[in-house]
Amino acid sequence: MALLLSAAVLTSLSSCSTFRGWFGGADSKKQEVVAGAADGPVAIASKEEAESRLQGTLKAYILSELRRGEKAKPDLVHKRPYFFKEYVEYPDGADKCDVQLRENDSRTRPFIAEVKVNKVRFSTRMYRERDRAEEDGNFLRDTGTETLNYELRNGRWHRVGSLYVAAKTEENISGEWVPRRDETVRVTAAETKPGWFKRTWSKVTGRDTE
């Protein structure tokens, strides 16, 4: 009889825990998901918060570009099939830039942005041989604007495109930056030879001087 009572009590306890799992388990899992979402990135941020995060992303990008190389030790770039040396400067940093932030009709990408920042690029000419590129110390200076395109996904800005347009290109001559002179190659046009009929008519009329 005691054994039967014990078995009944154990069955009742297990049933209660099972019922809690059915009804209370879903709520506990839901709370865990909500807590995890609060700790992680926010899918939909306010416009002010999105712009603040964009400033941080832009500063990180500029810092990574500056770390690639400097005047004393420029970066050796390989873009097949060419090699060249390069380093960049951002005279205004990320503080003075033109930011166009727009709302996007998408829950996964609620904001898109276009950022324009002043940029100075120093680079050598391109070579197919790595050794020649490493030996070249004659840099050209391009001054212009870099346009960066971003979109906000899961609370983080992702760069989806960039374009650099140089307003002017200069070369260093005797320690002074001067506008680069285009190396124009003048080609003398080939003389057009007369056709068969014209040559024959010239011979008939006596105008052929050959």
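The values are calculated or read from the model by the stated rules, or taken from the named source; none is laboratory data. Everything numeric in this text was worked out from a predicted model, so none of it was measured. Neighbour counts run over all protein chains shown; Cβ positions are idealised from the backbone, glycine included.
Odds and ends about this structure:
For (1) at pLDDT 95 or above; (2) farther than 30 Å from PRO110 by Cβ; (3) surrounded by 14 or more Cβ atoms within 10 Å (Cβ to Cβ); (4) more than 30 Å from the chain's Cα centre (by Cα), each residue gets a yes or a no:
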position	(1), (2), (3), (4)
TYR127	yes, yes, yes, no
ARG130	yes, yes, no, no
GLU146	yes, no, yes, no
TRP157	yes, no, yes, no
GLU183	no, yes, no, yes
LYS193	no, yes, no, yes
THR200	no, yes, no, yes
ASP208	no, yes, no, yes
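- Of the residues making up region 99-126, those that are in contact with a Phe, Trp or Tyr (Cβ under 8 Å, 6 or more places away or on another chain) and either under 21 Å from ALA72 (Cβ atoms) or not in a strand (DSSP E or B) (or both) are ASN104, LYS119, VAL120, ARG121, PHE122, SER123, THR124, ARG125, MET126.
- Filtering region 55-70 for residues that are among the aliphatic types (A, V, I, L, M), out of contact with any strand residue (DSSP E or B) (no Cβ under 8 Å at 6 or more places or on another chain) and on the phi < 0 side of the Ramachandran plot leaves a non-empty set.
- Sole exception among (1) at pLDDT 95 or above; (2) in a strand (DSSP E or B); (3) not hydroxyl-bearing (Ser, Thr, Tyr) for ASN172, by number: (1)
- Residue match in region 85-92 (condition: in contact with a Gly (Cβ under 7 Å, 6 or more places away or on another chain), of a type in the set (Phe, Trp, Tyr) and either closer than 17 Å to GLU48 by Cβ or part of a strand (DSSP E or B) (or both)): yes
- Meets criteria (closer than 28 Å to ALA60 by Cβ, of a type in the set (S, T, N, Q) and either touching a helix residue (DSSP H, G or I) at 6+ places or on another chain (Cβ under 8 Å) or in a strand (DSSP E or B) (or both)) for THR145: yes
- Residues being exposed (fewer than 11 other Cβ atoms within 10 Å of the Cβ) and under 21 Å from VAL160 (Cα atoms) - total across region 68-94: 1
- Neighbours by Cβ (under 6 Å, 6+ apart or cross-chain): first from region 163-178, in contact (Cβ under 8 Å) with a residue 40 or more places away in the chain; second of a type in the set (D, E, K, R) and part of a strand (DSSP E or B): TYR164/GLU146; ALA166/ASP142
- Residue in region 84-105 that is in contact (Cβ under 8 Å) with a residue 60 or more places away in the chain and farther than 15 Å from THR145 by Cα present: no
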